[in-house]
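Below is one structure, written out as structure tokens; comments come after it.
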Amino acid sequence: MLTSTRLIYISTTTVDYQKELETAKRAAQQAGELIRSFQANQSYDIELKGKNDLVTDADLASEKTIIEVIKQEFPNDQFLAEESNTYTQLPSGRVWIIDPIDGTTNFSHGFAPYCVSIALWEDGTPKVGVVLEIANNELFWAIEGVGAYLNDSKIHISAINEPAKSLIATGFPYSHFDLVDPYLVVLKNLMQKTHGIRRAGAASYDLCCVAAGRVEGFYEYGLSPWDVAAGALIIQEAGGTISDWKGGDGWLFGKRIIAGTPNIVEFLKTEIQNVFLEKHLVVRNAANKTSLS
Ligand code: IPD
Ligand code: CA
Ligand code: CA
């Protein structure tokens, strides 16, 4: 899709990854149309990949569309996409990381938000991120070094740095409950120390809400690369910080993420580290999709 921002943008400067951005936006919009038609016709079949881990034929059709659109432009690139993934670590070179519907449970209940998330990483670094929230047609995007945008407007993280004035997003455990007890302790403490907690149901959208300054922080465990690969770049380009639960950079495959304004990331890290055992702060077997403890 050609936006006015793009026209202004390339008339003033030539930017690396502009074609990749436009391709990712086009793929997201085409997948979004497809997902809306499944939603409008209520014509999807739901299957379970695991407990409460849903996949519909809309997820599969979305993933096929996205990969086809990108392959037409970049036939030699690699794909790490949720419904067909075989990677347990990030390969070198150019990799498109795709969540064809982030928030499938929301989608299947007709409950917004639900998103398409597409990122391009190259040699371990995010270059392009696009998240389309389908129900409200909000298109979040970023290119490394260029900034983060919602539709045609530049976005920035919140100026609020005090925990007591912050709104925090998270995801609740829904499938693997081995760490639910310390999780609930953190939740209880944060309820009392902040303005409140939100659980939107789509991690990519949570990350974009951090980037747009709607919430000051986000944390979750159990996420996969396709949940966070695009949103993380959008946050970084909006001035925010991403960390794993130990304060390191192992958040893409590490299943534990904290994001937000720099102060709020420090605050959340302390709250989590005060409650979770040391052995639970790091993933010990990233290859095992189900192991959190
Ligand atoms: C899920 C959503 C949800 C998060 C889950 C993810 P999916 O993605 O992002 O917010 O709590 O951990 O798996 O399965 O709908 O693509
Ligand atoms: Ca997801
Ligand atoms: Ca998904």
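The values are calculated or read from the model by the stated rules, or taken from the named source; none is laboratory data. Just so it is clear, the structure is predicted and the values come from calculations on it, not from any experiment. Cβ sites come from the backbone with ideal geometry, for glycine too, and all protein chains shown count toward neighbours.
Going through K127, K49 one at a time, which residue ends up being in contact with a strand residue (DSSP E or B) (Cβ under 9 Å, 6 or more places away or on another chain) and either free of Cβ contacts under 8 Å to residues at least 12 places away in the same chain or surrounded by fewer than 16 Cβ atoms within 10 Å (Cβ to Cβ) (or both)? Steps first, answer last, please.
Values: K127 fails: either free of Cβ contacts under 8 Å to residues at least 12 places away in the same chain or surrounded by fewer than 16 Cβ atoms within 10 Å (Cβ to Cβ) (or both).
None of the other options fit; the residue is K49.
Okay, residues lined up against (1) touching a Cys at 6+ places or on another chain (Cβ under 7 Å); (2) in a loop (DSSP other than H, G, I, E, B); (3) within 16 Å of ligand 1 (Cβ to nearest atom); (4) not assigned by TED's automatic domain parsing to the domain that holds S37:
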{"site": "I101", "(1), (2), (3), (4)": "no, no, yes, no"}
{"site": "T105", "(1), (2), (3), (4)": "no, no, yes, no"}
{"site": "W121", "(1), (2), (3), (4)": "no, no, no, no"}
{"site": "A135", "(1), (2), (3), (4)": "no, yes, yes, no"}
{"site": "W141", "(1), (2), (3), (4)": "no, no, no, no"}
{"site": "A148", "(1), (2), (3), (4)": "no, no, no, no"}
{"site": "A169", "(1), (2), (3), (4)": "yes, no, yes, yes"}
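Can you report the number of residues in region 189-225 which are without any contact (Cβ under 8 Å) to a residue 60 or more places away in the chain and farther than 12 Å from P113 by Cβ? So that I can check it myself, show each step before the final result.
If we filter region 189-225 for residues that are without any contact (Cβ under 8 Å) to a residue 60 or more places away in the chain, which is where we start, we get 191-192, 194-199, 206, 209-210, 213-220, 223.
With the extra rule that they be farther than 12 Å from P113 by Cβ, the set shrinks to 191-192, 194-197, 210, 213, 215-220, 223.
Counting residues in region 189-225 that are without any contact (Cβ under 8 Å) to a residue 60 or more places away in the chain and farther than 12 Å from P113 by Cβ gives 15.
Scanning region 57-81 for residues that are in a helix (DSSP H, G or I) and surrounded by fewer than 16 Cβ atoms within 10 Å (Cβ to Cβ), which turns out modelled with the lowest pLDDT? Outline the logic, then answer.
Within region 57-81, the subset in a helix (DSSP H, G or I) is 57-73.
From what is left, the residues that are surrounded by fewer than 16 Cβ atoms within 10 Å (Cβ to Cβ) are 57, 68, 71-73.
Numbers: D57: 92, E68: 98, K71: 98, Q72: 98, E73: 98.
In this case the residue turns out to be D57.
I need a count of the residues in region 105-125 that are within 11 Å of ligand 3 (Cβ to nearest atom) and out of contact with any helix residue (DSSP H, G or I) (no Cβ under 6 Å at 6 or more places or on another chain).
Of the residues in region 105-125, the ones within 11 Å of ligand 3 (Cβ to nearest atom) are 105-107, 114-117.
Filter again for out of contact with any helix residue (DSSP H, G or I) (no Cβ under 6 Å at 6 or more places or on another chain), leaving 105-107.
Of the residues in region 105-125, 3 are within 11 Å of ligand 3 (Cβ to nearest atom) and out of contact with any helix residue (DSSP H, G or I) (no Cβ under 6 Å at 6 or more places or on another chain).
For region 82-95, give me each residue that is within 15 Å of ligand 3 (Cβ to nearest atom) and either more than 18 Å from G129 (Cβ to Cβ) or at pLDDT below 95 (or both).
If we filter region 82-95 for residues that are within 15 Å of ligand 3 (Cβ to nearest atom), which is where we start, we get 82-85.
Answer for region 82-95, where residues must be within 15 Å of ligand 3 (Cβ to nearest atom) and either more than 18 Å from G129 (Cβ to Cβ) or at pLDDT below 95 (or both): E83, S84, N85.
Here are some conditions: (1) surrounded by 15 or more Cβ atoms within 10 Å (Cβ to Cβ); (2) away from ligand 3 (no atom under 15 Å from the Cβ). I98 meets all but one. Which one does it not meet?
It is condition (2) that I98 fails.
Any residue in region 258-271 that is out of contact with any His (no Cβ under 9 Å at 6 or more places or on another chain), within 16 Å of ligand 2 (Cβ to nearest atom), within 20 Å of W141 (Cα to Cα) and at pLDDT 95 or above? Talk me through it step by step, then tell me what you get.
Filtering region 258-271 for residues out of contact with any His (no Cβ under 9 Å at 6 or more places or on another chain) gives 258-271.
Checking the rest, the ones that are also within 16 Å of ligand 2 (Cβ to nearest atom) come to 259.
Next, from what is left, pick out any that are within 20 Å of W141 (Cα to Cα): 259.
Going one step further and asking which of them are at pLDDT 95 or above, we end up with 259.
Yes, some residue in region 258-271 is out of contact with any His (no Cβ under 9 Å at 6 or more places or on another chain), within 16 Å of ligand 2 (Cβ to nearest atom), within 20 Å of W141 (Cα to Cα) and at pLDDT 95 or above.
Take the residues in region 195-249 that are outside any helix (DSSP H, G or I) and within 16 Å of ligand 3 (Cβ to nearest atom), then tell me which one is surrounded by the fewest Cβ atoms within 10 Å (Cβ to Cβ). Write out each step before concluding.
Narrowing region 195-249 to residues outside any helix (DSSP H, G or I): 195-202, 212-224, 238-249.
Still in the list and also within 16 Å of ligand 3 (Cβ to nearest atom): 200-202, 220, 222-224.
Numbers: A200: 24, G201: 21, A202: 29, E220: 22, G222: 20, L223: 22, S224: 18.
Among them, the one singled out is S224.
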